[in-house]
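Every read-out reported here was derived from the displayed coordinates using simple, explicitly stated rules and does not represent laboratory data. Remember, predicted model here, so these are calculated numbers, not experimental data. Counting neighbours? That spans all protein chains shown, and the Cβs are built from the backbone with ideal geometry, glycine included.
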Amino acid sequence: MKIGILSKDADTVTLVTQLADRHECQVYSGVEGFAAACADRANLVVLDLDDLQRHQHAVTMLVQQHRPPAASKARPVVLLLCTPAHQHWLRNLRMAGADDFLVKPVERQELALRLDLLLLAAQPYEAPPSVVEAGGFMVDLARLRITHPERPGLDATLTRKEVELALLFMQHLGRPLSRAFLQERIWGAEPETPTRTIDTHVSRIRTKLKLHPGNGYQLATVYGYGYQLERLE
């Protein structure tokens with residue numbers, strides 16, 4: 001990740017550089033370094049408004065331009081270092097897209113906390129996978145469909161709760177799961193689920209996915225306890 005900082009205060013630049021090392025970030029300072037960081041879409045831009053009083057319009061334009069494109073997953077952020085004298089300009093910069101500000105003199109601990117939060121916000125968002133592999137099955141969480149690459153007969157479209165329950169069994173293949181565990185993981189804070197509701201969902205999964213010995217899998221009842229998905233060799 002990259003940080004561009006524009007400040008004539010050597011102590012501030014040093015402090016940002018030291019804190020950035022914890023995140024394995026490269027810091028670009030000075031006019032040329034800052035310009036290079038912005039051109040390369042820096043993840044975080046730090047602007048010291050004390051040094052930029054004569055360039056208010058240019059700074060406002062820079063903040064606006066640093067906004068990410070609508071389709072971008074990355075989210076560059078802008079941190080302003082200011083004094084109470086910058087109140088009016090600060091308001092305009094916040095409207096232009098600046099994310100946060102700190103009033104000088106800056107405390108090391110507070111700057112460290114802000115950098116942690118802003119760099120986290122600047123990280124690209126990675127959507128969770130819609131297809132999960134578990135126990136030899138492929139579980140499509142978006143289409144609510146479960147398939148098995150090696151056994152074409154073991155495939156079906158299920159309800160949301162059935163998919164969640166089936167995936168839980170597949171992630172714990174060969175291990176008995178208690179009814180209490182299934183209740184907590186699938187139904188959570190809902191009112192206590194009747195045993196027959198769990199039994200009904202298990203029965204539907206067993207039927208829809210054809211989980212019987214002839215197909216190499218068995219969703220077995222563990223009497224007095226719960227259920228267990230087994231792979232039969």
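Just one of (1) 57, 18, 16; (2) 37, 18, 16; (3) 42, 19, 15 is semi-axes √(5λ) of the Cα gyration tensor in Å as worked out from the coordinates here. Which one is it?
Checking each listed value against the structure points to (1).
Please list the equivalent ellipsoid semi-axes of the stretch 2-122, computed as the square roots of five times the alpha-carbon gyration tensor eigenvalues, in descending order and whole angstrom.
Taking √(5λ) for each eigenvalue gives 19, 18, 14 Å, largest first.
Residue by residue through the stretch 11-26, which ³J(HN,Hα) values in whole Hz follow from phi under the Karplus form 6.51 cos²θ - 1.76 cosθ + 1.60 (θ = phi - 60°), with glycine and proline marked x?
Whole-Hz 3J(HN,Hα) from phi for the stretch 11-26: 5, 5, 4, 4, 5, 4, 5, 5, 5, 5, 4, 5, 9, 6, 9, 8.
With +1 on each Lys and Arg Cβ and -1 on each Asp and Glu Cβ, how big is the dipole of the chain about its Cα centre, in debye rounded to the nearest 20?
Here the chain has a charge dipole of around 900 debye.
Figure the gain on full extension for M138 and T14 (residue separation times 0.36 nm, minus the Cα-Cα span) and round it to one decimal in nm.
Here the segment from M138 to T14 would lengthen by 39.6 nm.
Taking θ = phi - 60°, what integer Hz values does the Karplus form 6.51 cos²θ - 1.76 cosθ + 1.60 yield along the stretch 181-186, in sequence order, with x for Gly and Pro?
5, 4, 4, 5, 6, 9
Based only on other Cβ atoms within 10 Å, what is the fewest-to-most ordering of M61, M1, M170?
Fewest to most other Cβ atoms nearby, the residues stand as M61, M1, M170.
For the stretch 131-231, taking Cα atoms only, what is the radius of gyration to one decimal and the Dmax to the nearest whole Å?
Expressed in Å, the Cα Rg and Dmax of the stretch 131-231 come to 12.7, 39.
Quick check on the chain: of the DSSP beta bridges with both residues there, what percent are antiparallel, nearest 5%?
The answer is about 50 percent antiparallel.
Going by how many other Cβ atoms sit within 10 Å of their own, how do R231, R151 line up, fewest first? Could you put the intermediate results ahead of the total?
Values: R231 12, R151 15.
Least crowded to most crowded, the residues run R231, R151.
Find the relative contact order for the chain and round it to a whole percent, using C-alpha pairs within less than 8 Å whose residues are 6+ positions apart.
After rounding, I find 12 percent.
Per-residue ellipticity at 222 nm for the chain, helices alone: DSSP H runs ≥ 4 residues times -39500 (n - 2.57), over residue total, nearest 500 deg cm²/dmol?
Taking each H run of at least 4 residues, the total per residue is -11000 deg cm²/dmol.
What list of ³J(HN,Hα) values in whole Hz, one per residue of the stretch 106-111 in order, does the Karplus curve 6.51 cos²θ - 1.76 cosθ + 1.60 (θ = phi - 60°) give from phi, with Gly and Pro shown as x?
8, 7, 4, 5, 5, 5
Quick one: which residues, 5 or more positions from L81 or on another chain, have an amide H under 5 Å from its amide H? H modelled 1.01 Å from N in the peptide plane, none for Pro or chain starts.
Distant-sequence amide H within range of L81: L47, D48, L49, L102.
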